[in-house]
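Asks: Take a look at the following structure, please.
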Amino acid sequence: MAGLPLEGLKVLDFCWVAVGPMTTKYLSEYGATVLRVESGKRPETLRRAGPFAGGESGINRSGYFANYNANKYGLSIDMGHPSAPELILRIAEWADVITENFTPGTLERWGLGYDELSRVNPRVVLFSASMLGRGGPMQTQPGFGAVLSSLAGYTNIIGWPDRGPVNPYGAYTDFVCPKFAVAAILAAVDRQRATGLGTHLDMSQLETSLHFGGSMLLDAGVNGREPELVGNRHPAASPHGAYPCASDANGETDRWITIAVFNDEQWAALRDEMVADGVTDVQSGEFRTFRVRKAHEDKLDGIIAGWTANHDRHALMHRLQSVGVPAGVVNDTRDLFDDEQLKHREHFTWLDHPEMGPYATDYTESHLSATPGRLDRPAPLLGQDTEYALREIVGLSEADYRELEEAGALE
Amino acid sequence: MTSNDDYGPGLLAPYRVLDLSDGRGLLCGKMLADLGADVVQVEPPGGSPARRVGPFYKDEPGAERSLFWWACCANKRGITLDIATDDGSTLLRRLVANADFLIESADPGRMAALGLGYDDLQAINPRLVMVSITAFGQDGPYADYQASDIVGMALGGFMHLTGDGDRPPLRVSMPQFYQHGSAAGAAAAMIAHTHRQLTGEGQHVDVSCQQAVARTLAHAPQYWDLEQTILRRMGAYRESAGGTFTRINWPCKDGYVNFQPGGGTAGAARSVRSMLAWMTEEGMGSPELDAVNWEELGYGTARAEIMEMTVAAVAPFFMTHTRNELADGALERRILLFPVATPSDILAHRQLAARDYYDHIEHEDFGETVTYPGHFVKDMQDAARVGVRRRAPHVGEHNREILGGELGLNDRDLSRLTELGAI
């Protein structure tokens, strides 16, 4: 079996909720040793968030948590215990990388800021992520990606013109940032290995997320443009939208296909398919060129929706793609498990968890030809690896370990 | 062997990236360039198709006026090369011999058909990390399907969960699909790089944008796997589990804010308590909501009757305040609330100003200084900040510098290749 590309990389991980654990999941999937520190006294948010295996809640049963924490070792440490800072400094000596996404100031309050960590390990890379970054008048503003998406400009550009804006699903910015975070952390590891220099990386989820919309900010800056709600319309394409399809074998009625026409060839191909089905309105001069289609877009959308509504969405997607029209079904979350392409890519991997049984976790979107990632251990039960990690990985003596255990620091 | 000096101007300063991507993959190289890598954008003669993507400077289309190009290619240098010609292909191979990374986003099989597939290139440079960014990956039943942003966001599962329940699913009107794959490509490039630095072994990184989007859906896919529940789009609300939901988006006096009432740790229950206390201070309190045991509710899960009570009390309170008043009050009281910001709000945001986020780059050809999103991470120990140092290249701007200076082509070679259409 091929080796893993991050084998030997040692990570002390204080991350919690989504953005941080997803970042360190990339590292654990590709072979880094990730020691995930949790507190048994204040279990992390996602351990109490659904879904739960079989619908039965429990601290070790959350699929939300289990997805982002596969391949990691689980340690339980009571960070409020007087022995905790010294223990963490001991693990920090072992670590190449330390990751955290607390509100700025939390590590410092424990006496575990970059100054203290780099004193025991000058080459360490400390990665800190927060909502709005360190310093500045708003560094302590709490939040989640679910609400930060609004400040990052996303909410403002999703919605129908006759209604208000809506949010992108989920904690959207939480899933933008990990890719930037992994690139930055490994860039710092590269310099660390070559020169012995450590550093503190400070990521603001707001600042990072704005990079997906660079041209929108430039447009506002140089052209003074403020975007409006446009539904699914596109300034350079027509038709462009999601159209209803026939219900399927499951009796599911919320079925849609997206169609995007960017040029005359694609338009001619779509029009011919519709005409072949007897939809001749589409041959009208009102739709002949992009310019006139834009002027009659409501009418055109209505004709297309009338046509698609009688079709099975998958059959229609394959048919339109075969004539060169960009089209794709709207997958719901069940569909993702049945999607032929995602199955081909083995997007979901099932891990056998001691309390949950088999659960789906998502495999990386990037396939590496020589050293592919590997998910082979389920997310840890709370504190399941504390002794193994501290004694076998970090190298604490049995006596030191027992002392901490008896003092109640490992809860 | 790299030394301290090589890392002076940025974390990735010692490394060369050849970026052959079109509009679908440009952000990947931009991220590596922001981290300090020397990124050379390779365009076909006449310029990349990405230069035809709007918006445009002063709304006039033109190869040097695409703001999409400016945003995605800042920090890069640019050369033109027709890799479909023998001369162009030969020059590319010579550049590959000394490159650390190559990024491309052509349709699967296109590079191999030009004799520039991974197998061809690794024969020239076995250390090369080649990153291919495509909608669905290099093979599989959809590999040859055409995907624009909306098609990708649909197949990735994002759209079904976004929008109003009684209307078609929605995309984000600013394209996201290829951005997710491009950013994932940069992360994976660095994973492959870490391995290459230890072993000397390069490899091919095959990115699927569809998978990158499917990974943005939080716990929604797991709800199907573990509880056989399909979560649905609910407009201003978010379904967080079968039958429980929370309201995220709220109108206020001058626009909208996001506020997430719910229970659980990470400050969520505390945030609701602070909001309720603020309402009481202003004579708009709700004893019924004060009596709810927020601390015992799970994260983001409130039953319908609690949400109804919450909306009845909180919505009128928001209508008495502006976005800024609510955001300032939220900061003071540690409430999970942010304003729905427009681009001009974001450009003027005081936290971004305080962190010196924006970079102001001279566009001497237009006599204008343009504001760019800056550091996506701060490297606190590096003298040179992560961020934008130079504007995007003009078409062929660095042909002489790179093809002449590095590959040793003289003026006669360059004009001959120009005549042949190779550069």
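The values are calculated or read from the model by the stated rules, or taken from the named source; none is laboratory data. Values in this document were obtained by computation on a predicted structure and should not be read as measured data. Every residue, glycine as well, gets a Cβ built from its backbone with ideal geometry; the counts of neighbours run over all protein chains shown. Calculation scope for accessible area: heavy atoms of the full protein, side chains included, ligands and nucleic acids excluded. Shrake-Rupley method; radii C 1.70, N 1.55, O 1.52, S 1.80 Å.
Asks: Read through the list (1) away from chain B (no Cβ under 11 Å); (2) acidic (Asp, Glu); (3) buried (at least 17 other Cβ atoms within 10 Å of the Cβ), then give the number of the only condition that A:Asp376 fails.
Replies: Of everything listed in (1) away from chain B (no Cβ under 11 Å); (2) acidic (Asp, Glu); (3) buried (at least 17 other Cβ atoms within 10 Å of the Cβ), A:Asp376 misses just condition (3).
Asks: Another question about this same structure. Mind telling me which of the residues A:Ala66, A:Ala70 ends up being open to solvent by less than 10 Å² (accessible area, probe 1.4 Å) and in a loop (DSSP other than H, G, I, E, B)?
Replies: Of the residues listed, the single one that is open to solvent by less than 10 Å² (accessible area, probe 1.4 Å) and in a loop (DSSP other than H, G, I, E, B) is A:Ala70.
Asks: For region A:278-290, state whether one or more residues are at positive phi and open to solvent by 40 Å² or more (accessible area, probe 1.4 Å).
Replies: yes
Asks: Another question about this same structure. Restricting attention to region A:10-45, and to residues there that are charged (D, E, K, R) and in a loop (DSSP other than H, G, I, E, B), which single residue is farthest from the other protein chains (Cβ to nearest Cβ)?
Replies: Only one residue fits best here, namely A:Lys41.
Asks: Of (1) crowded, with 24+ Cβ neighbours inside 10 Å; (2) closer than 30 Å to A:Thr99 by Cα, A:Gly198 satisfies all except one. Which?
Replies: The one condition A:Gly198 does not meet is (1).
Asks: Still on this structure, please answer the following. Take the conditions more than 24 Å from A:His234 (Cα to Cα) and facing another protein chain (nearest Cβ under 7 Å) and apply them to B:Val207. Does it pass?
Replies: Yes, satisfied.
Asks: So, one more: Just wondering, is there one or more residues in region B:222-237 that are open to solvent by less than 10 Å² (accessible area, probe 1.4 Å) and in a helix (DSSP H, G or I)?
Replies: So far as region B:222-237 goes, yes, one or more of its residues are open to solvent by less than 10 Å² (accessible area, probe 1.4 Å) and in a helix (DSSP H, G or I).
Asks: Right, something else. In region A:169-187, is there at least one residue being within 7 Å of chain B (Cβ to nearest Cβ), closer than 20 Å to B:His375 by Cβ, open to solvent by 10 Å² or more (accessible area, probe 1.4 Å) and part of a helix (DSSP H, G or I)?
Replies: Scanning region A:169-187, I find no residue that is within 7 Å of chain B (Cβ to nearest Cβ), closer than 20 Å to B:His375 by Cβ, open to solvent by 10 Å² or more (accessible area, probe 1.4 Å) and part of a helix (DSSP H, G or I), so the answer is no.
Asks: Would you be able to tell me the number of residues in region A:46-62 that are part of a helix (DSSP H, G or I) and farther than 15 Å from A:Gly170 by Cα?
Replies: 5
Asks: Pick out, from region B:38-144, the helices (runs of 4 or more DSSP H) lying fully within it that include 1 or more residues that are among the hydroxyl-bearing types (Ser, Thr, Tyr) and more than 23 Å from A:Ala236 (Cβ to Cβ).
Replies: By residue number, B:86-97, B:118-124.
Asks: Looking for whichever is part of a loop (DSSP other than H, G, I, E, B), under 30 Å from B:Gln197 (Cβ atoms) and touching a strand residue (DSSP E or B) at 6+ places or on another chain (Cβ under 9 Å) here; the options are A:Arg134, A:Arg123. Which one fits?
Replies: Step by step, each of A:Arg134, A:Arg123 is checked, and only A:Arg134 is part of a loop (DSSP other than H, G, I, E, B), under 30 Å from B:Gln197 (Cβ atoms) and touching a strand residue (DSSP E or B) at 6+ places or on another chain (Cβ under 9 Å).
Asks: Right, something else. Of all residues in region A:190-227, which are under 23 Å from B:Gly152 (Cβ atoms) and either part of a loop (DSSP other than H, G, I, E, B) or more than 7 Å from every other protein chain (Cβ to nearest Cβ) (or both)?
Replies: Within region A:190-227, A:Ser209, A:Pro227 meet the criteria.
Asks: Tell me which residues, restricted to region B:326-350, are more than 29 Å from the chain's Cα centre (by Cα) and surrounded by 15 or more Cβ atoms within 10 Å (Cβ to Cβ).
Replies: B:Gly329, B:Arg333
Asks: Quick check, is A:Phe52 within 12 Å of chain B (Cβ to nearest Cβ), surrounded by 21 or more Cβ atoms within 10 Å (Cβ to Cβ) and within 27 Å of B:Val213 (Cα to Cα)?
Replies: Taking the combined requirement at face value, the residue satisfies it.
Asks: Kindly indicate the residue of region B:142-170 that is within 21 Å of the chain's Cα centre (by Cα) and of a type in the set (Ser, Thr, Tyr) and also least open to solvent (accessible area, probe 1.4 Å) among those meeting that condition.
Replies: Within region B:142-170, the match that is least open to solvent (accessible area, probe 1.4 Å) is B:Thr162.
Asks: Take the residues in region B:24-61 that are more than 9 Å from every other protein chain (Cβ to nearest Cβ) and at positive phi, then tell me which one is most open to solvent (accessible area, probe 1.4 Å).
Replies: B:Gly46
Asks: Continuing with the same structure: Of everything in region B:163-217, what is in a helix (DSSP H, G or I), more than 20 Å from B:Leu26 (Cα to Cα) and in contact (Cβ under 8 Å) with a residue 40 or more places away in the chain? Give them in sequence order.
Replies: If the condition is that a residue be in a helix (DSSP H, G or I), more than 20 Å from B:Leu26 (Cα to Cα) and in contact (Cβ under 8 Å) with a residue 40 or more places away in the chain, then B:Arg196, B:Ala214 are the ones that fit.
Asks: Return the residues of region B:21-37 that are in a loop (DSSP other than H, G, I, E, B) and among the hydrophobic types (A, V, I, L, M, F, W, C); say none if nothing qualifies.
Replies: Selection gives B:Leu35, B:Ala37.
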